[in-house]
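To start, the structure under review is shown below, and the notes come after it.
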Amino acid sequence: MQAKIDAFMEEVRARNAHEPEFLQAVQEVAETVIPYIATQEIYNGKNILLRMVEPERAIMFRVPWVDDKGEIHVNRGYRIQMNSAIGPYKGGLRFHPSVNLSILKFLAFEQVFKNSLTTLPMGGGKGGSDFDPKGKSDDEIMRFCHSFMSELFRHIGPNTDVPAGDIGVGAREIGFLFGMYRKMRNEFTGVLTGKGLSWGGSEIRPEATGYGTVYFAENMLKTKNDSFKGKTVLVSGSGNVAQYATEKAIQLGAKVVTLSDSSGYIYDEDGIDQEKLKFVMKLKNEKRGRISEYADEYSSAKFHKGKTPWGEKCDIALPCATQNELNGDDAKMLIDNGCKCVSEGANMPCDADAVAVFHKAKIFFAPGKASNAGGVATSGLEMTQNSLRFKWTRKEVDDKLKQIMNDIHEKCVEYGTDDDGYIDYVKGANIAGFVKVADAMLAQGVI
């Protein structure tokens with residue numbers, strides 16, 4: 001079996017030799033899905049996984065824009081339309097200097113499985129630009145977004161491809177992007193999700209990824225008759241996902257003691273309560289400040305410059321920052337310090353070595369394609385509301401989100417339970433996500 005996996009990966013590497021993040025994501029899927037395919041005659045010989053790792057379409061374009069001083073800049077724009085077998089392409093736009101083809105292909109590939117797991121009719125895609133919104137004025141960001149959409153509009157639509165936000169793309173950017181799309185197409189459609197509540201957005205969309213991450217972890221804990229109540233939780237990141245994962249964990253009775261950004265992390269021995277979280281939200285969302293300012297505000301906190309929070313004692317860890325932020329050594333420290341549950345809020349924040357450590361220790365570990373699917377699930381609910389020209393209440397959306405996360409958990413348990421009773425959520429998520437897409441691809445022929 002290993003020979004089959006190696007042969008498959010050799011073929012993928014030959015085509016994508018300089019794309020390490022993409023290859024990492026494919027390797028993880030291949031190691032669990034290829035052994036499953038070998039046991040299912042319906043998939044044998046159809047090269048379905050090989051077809052799935054090749055994007056249906058990869059679009060790259062120039063994005064010229066003018067800054068406040070009148071200087072012209074040029075960035076690259078991308079949209080990876082990975083797989084549309086079960087619905088229109090769906091996935092976020094990321095504006096960050098690190099954006100490149102490898103990162104977006106990895107994200108789009110993961111999105112295919114994540115969207116499949118939600119049970120909603122959405123294919124997988126991802127896009128963005130190497131533009132950095134940090135330090136830019138609102139007018140500069142507006143000009144960039146308008147330029148970006150003046151090309152992207154040709155390739156998207158409510159029944160074709162429905163982008164959303166991601167790192168660097170929040171409500172402000174979605175507004176600018178939607179405004180230009182509406183002008184270019186002369187139509188008001190649900191072509192973007194994450195919109196404002198007054199013009200087609202859904203309740204709890206900003207909270208959904210963070211809430212979903214915690215809901216999934218709660219489901220894992222329930223399999224051992226456990227809960228968040230009284231647990232110490234480490235959270236990385238301090239953006240949207242981290243903020244709302246923290247909020248939900250607090251609501252469930254946990255004590256969250258860390259948050260971080262690229263400059264380092266804060267450790268608050270008294271815990272981050274709702275008032276302190278409001279300070280963080282204002283600091284990061286309005287002032288666009290650094291997390292170190294939290295330690296200046298609260299004497300119970302200490303800032304650790306240039307470090308990640310994984311050396312602190314905890315019961316639960318929620319990595320919510322970015323890909324590959326948690327390595328094998330970090331994972332060992334977490335295990336040594338009592339961690340029993342890890343739920344990924346970001347996309348692939350734990351590298352392969354870290355995942356291996358968690359599995360060896362047989363702790364709860366939820367991969368992002370399952371545990372952070374709440375964001376895209378609620379985007380799917382926003383698409384539904386747009387199609388119906390209808391609006392659900394906050395409670396209705398939250399109840400639907402919770403049910404979707406419960407359903408994803410059940411599918412992971414169904415496909416991921418080992419002979420000894422240990423639930424391999426990586427295997428479960430990969431196989432469950434694969435089966436729905438693979439069945440659709442088989443039904444539609446070689447396309």
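The fewest-to-most ranking of F8, F303, F188, F434 by surrounding Cβ atoms within 10 Å reads F188, F303, F8, F434. Would you give the gap between the C-alpha center of region 381-447 and the C-alpha center of region 48-93, rounded to a whole Å? Cα centroid of region 381-447 versus Cα centroid of region 48-93: 24 Å apart.
List, in the order given, every pair from K276/K340; K278/K391; K222/K391; K229/K302 whose Cα-Cα distance in the structure shown is over 30 Å. Before the final figure, lay out the partial values.
Values: K276/K340 26 Å; K278/K391 27 Å; K222/K391 32 Å; K229/K302 24 Å.
Pairs exceeding 30 Å: K222/K391.
Set Lys and Arg Cβ to +1 and Asp and Glu Cβ to -1, take the dipole of the chain about its Cα centre, and tell me which of M122, S300, G345 lies farthest positive. Result: M122, furthest along the dipole toward the positive end. A viscosity of 0.692 mPa s and a temperature of 37 °C, combined with the Kirkwood radius over C-alpha pairs in the Stokes-Einstein formula, give region 57-188 a diffusion coefficient of 222 µm²/s. Spacing of the modelled spin labels on N47 and M1, each 7 Å from Cα toward Cβ, amounts to 2.4 nm.
Ellipsoid fit via the Cα gyration tensor, region 2-52: semi-axes of 20, 10, 9 Å, each the root of five times an eigenvalue, largest first.
Here the relative contact order of region 50-182, from alpha carbon pairs under 8 Å that lie six or more residues apart, stands at 29 percent. Note on the chain: GNM, Cα springs under 10 Å; of K224, K402, K276, the largest mean-square fluctuation is that of K224. If you count Lys pairs in region 57-188 whose Cα atoms are under 17 Å apart, skipping same-chain pairs closer than 8 places in sequence, the total is 8.
Taking every DSSP beta bridge that has both ends in region 235-362, the antiparallel portion is near 65%.
Relative contact order for the chain: what percent, with Cα pairs under 8 Å and sequence separation of 6 or more? Don't skip to the end; give the middle numbers.
Numbers: 928 pairs, mean separation 67.0, N = 447.
Normalised by residue count, the contact order of the chain is 15 percent.
Of all aspartates and glutamates in the structure, those lying under 12 Å Cα to Cα from K307, and not within fewer than 8 positions of it along the same chain, are D261, E325, D330.
For region 154-309, taking Cα atoms only, Rg and Dmax work out to 18.2, 54 Å respectively. Principal axis analysis of the Cα atoms in the chain yields extents of 61, 55, 43 Å, listed in decreasing size. With the highest mean first, a sort of the peptides 63-71, 359-367, 314-322 on other beta-carbon atoms found within 10 angstrom per residue produces 314-322, 359-367, 63-71.
The numbers here are math on the coordinates, done by the rules we state, and not lab data. Owing to the predicted nature of the structure, the values given are computational and were not obtained by experimental measurement. So basically every Cβ, Gly included, is an ideal-geometry build from the backbone, and we count neighbours across all protein chains shown.
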